[in-house]
Amino acid sequence: MSVDDAPSLREGPPEPEDVVIVLYEPTWPLRFTEVACELRGALDGAVERIEHIGSTAVPGLPAKDVIDVQVSVAGFEPADAYDEPLTGLGYELLPDPDEPQHRFYRRPSERPRRVNIHVCECGSAWERRHLLFRDYLRASPDVRDGYARLKNEMSDRYRTNRYDYTDAKGPFIREVQQTAEQWAAVSAWSPGPADA
C-alpha cells in the first residue's frame, strides 16, 4: 500500500478510545524490548535503529499505556523493505498529513492499543527531535514533572478526544524542544547507541 492510498491518521472522527493517563509503569521498557526484538527479526536489515520514544520511555513520567517505537530506516524508498514486514506483523499504515517525515503504523484490531510504530529516516529532523525530547526529559526532572501535570490536566479536559488532547500539549512541547536544543548544544548531546 502506498502512502497516498492509505487512510489518513486524522480522517474521520477520533477513535473511540478515551485518553487515560496512568502512573509510570516499570515494565514499559521490557514491553519495548519485546516489540523491538519482534521488529528487528521481521525487518531483517531494513532498519538502522530502533528506539523507545514518547512518554513511556521517560522513567517517572505518567503516560497513556501505549509503547511508541521509532524505527529508523536508511530511506523511505523502497517502502516494501519495511511496509511489507510491518503489515505481516498486523500493523497498518496511517499517514499523518501534518508529519510527512514519518510513517505511522498501528494494529487496527488491537484494543486497547498497546504499540505505535513510527518509521522515520535515519538522520532526519524527525528522528533527532524525538530522541532529544526524550533524553532532555530524562535528564530534567522538573520539566518532566511539569509535563506530567499538563498531561493529567489535558487528559481530564479532553478525555474523549485524542486529537484535541495531543494538540493542547503542542505549545508546551515546542517550548521544551527549544530549551532542549540549547541543552544539547551545551551538553554536546548526541543520540548515542540505539535502545535496541
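Taking the criterion of being of a type outside the set (Ser, Thr, Tyr), modelled with pLDDT under 95 and closer than 23 Å to Trp28 by Cβ, would at least one residue in the range 84-94 satisfy it? Checking the range 84-94: at least one residue is of a type outside the set (Ser, Thr, Tyr), modelled with pLDDT under 95 and closer than 23 Å to Trp28 by Cβ.
If I ask for residues that are modelled with pLDDT under 90, farther than 17 Å from Ser124 by Cβ and in contact with a Ser or Thr (Cβ under 9 Å, 6 or more places away or on another chain), which ones from the range 158-196 would you list? Those that are modelled with pLDDT under 90, farther than 17 Å from Ser124 by Cβ and in contact with a Ser or Thr (Cβ under 9 Å, 6 or more places away or on another chain): Asp195, Ala196. Checked against the criterion of being under 18 Å from the mean Cα position of the chain (by Cα) and either crowded, with 17+ Cβ neighbours inside 10 Å or not in a helix (DSSP H, G or I) (or both), the candidates Arg134, Arg138, Arg159, Arg174 yield just one match: Arg134. Against the definition (within 12 Å of the chain's Cα centre (by Cα), modelled with pLDDT of 95 or more and not hydroxyl-bearing (Ser, Thr, Tyr)), how does Gly54 come out, yes or no? It is true that Gly54 is within 12 Å of the chain's Cα centre (by Cα), modelled with pLDDT of 95 or more and not hydroxyl-bearing (Ser, Thr, Tyr). Filtering Glu99, Glu92 for residues that are more than 25 Å from Ala188 (Cα to Cα) and surrounded by fewer than 15 Cβ atoms within 10 Å (Cβ to Cβ) leaves a single hit, Glu99.
Filtering the range 91-112 to residues that are of a type outside the set (Phe, Trp, Tyr), outside any strand (DSSP E or B) and under 16 Å from Glu38 (Cβ atoms) leaves Arg107, Glu110.
The values are calculated or read from the model by the stated rules, or taken from the named source; none is laboratory data. All figures in this text were calculated on a predicted structure; none of them were measured in a lab. Please note: Cβ atoms are built from the backbone with ideal geometry, for glycine as well, and neighbour counts cover all protein chains shown.
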